């Protein structure tokens, strides 16, 4: 899927940050959640999606 340039352009157009995330960005959140500083966070869904969930993702092209 990631080798399909049309698909990637569609994803970028729907993502406010206009890029895919890096594994380090996900691991940074995981590391934070393991720290005592996150002890008051409970029952949350934390999206690490560059803002794509704000717009939703409804491809306009068949892939």
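The values are calculated or read from the model by the stated rules, or taken from the named source; none is laboratory data. Here the structure is a predicted model, which is why all the values come from computation and not from measurement. Ideal geometry is used to build each Cβ from the backbone, glycine not excepted, and the neighbour counts take in all protein chains shown.
Name the residues in the stretch 18-38 that are loosely packed, with under 12 Cβ neighbours inside 10 Å and outside any helix (DSSP H, G or I), would you?
Answer for the stretch 18-38, where residues must be loosely packed, with under 12 Cβ neighbours inside 10 Å and outside any helix (DSSP H, G or I): 18, 19, 22, 34, 35.
So, in the stretch 1-16, how many residues would count as being part of a loop (DSSP other than H, G, I, E, B) and either closer than 12 Å to residue 56 by Cα or modelled with pLDDT under 90 (or both)?
Result for the stretch 1-16: 4.
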